[in-house]
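The block underneath contains the structure these notes are about, expressed in structure tokens.
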Amino acid sequence: MTTDPPPRPTEGPAPGRARRAFRRWRRTRPFWAALWTGLGGFVIFFLPMAPLGKILQVGVGGIAGMAGGVLLMAMALLILLMPGQRHTAGVIAVIAGVASFPLSNLGGLFAGMFLSVLGGSMAFAWLPEKPARRRLLARTTPTPEGTGSA
């Protein structure tokens with residue numbers, strides 16, 4: 001006879017663990033900047049294809065709007081997947097967002113332009129979180145002169 005407790009049935013991955021892992025991954029990159037930039041690109045890309053043909057004429061501006069929307073969505077992926085390139089992608093996103101104003105239906109009726117400029121500026125301003133400094137270690141480490149603390 002053994003005194004070990006009976007094994008528990010396996011329930012699969014806990015949803016809380018997956019959520020914590022996603023939160024940890026999200027905090028290592030400019031997630032919200034990429035989300036706003038991608039959403040702005042989505043609005044700018046799909047607005048020329050909306051059934052507004054009776055109100056707005058879609059011509060060459062529609063093609064420019066679709067190209068700008070694709071560029072913004074690509075910058076959102078670049079911001080999300082390569083945080084080291086966030087400065088370049090953020091500047092390109094702001095320029096493409098402002099350029100969408102005259103090129104495609106007033107920048108996606110201002111919503112796409114606003115979201116892409118917001119996301120690009122957030123990407124440019126984002127800084128990775130620095131690890132906390134250990135003050136206890138700094139206090140007990142002797143200086144080269146041997147005075148005790150730094």
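The values are calculated or read from the model by the stated rules, or taken from the named source; none is laboratory data. On a predicted model such as this, the values are computed, not experimentally measured, just so you know. Quick reminder, even Gly has a Cβ in these numbers, built from the backbone with ideal geometry, and neighbours come from all protein chains shown. For the accessible areas, the whole protein counts, side chains as well, though only heavy atoms, and no ligand, DNA or RNA atoms are used. Shrake-Rupley method; radii C 1.70, N 1.55, O 1.52, S 1.80 Å.
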The range 70-104: number of residues that are within 27 Å of Phe22 (Cα to Cα), in contact (Cβ under 8 Å) with a residue 12 or more places away in the chain and not aliphatic (A, V, I, L, M): 4
Unmet requirement for Glu129, which otherwise passes all of (1) surrounded by fewer than 21 Cβ atoms within 10 Å (Cβ to Cβ); (2) modelled with pLDDT of 85 or more: (2)
Leading residue by the ranking (farthest from Gly119 (Cα to Cα)) among those in the range 61-104 that are modelled with pLDDT of 90 or more, β-branched (Val, Ile, Thr) and open to solvent by 30 Å² or more (accessible area, probe 1.4 Å): Val70
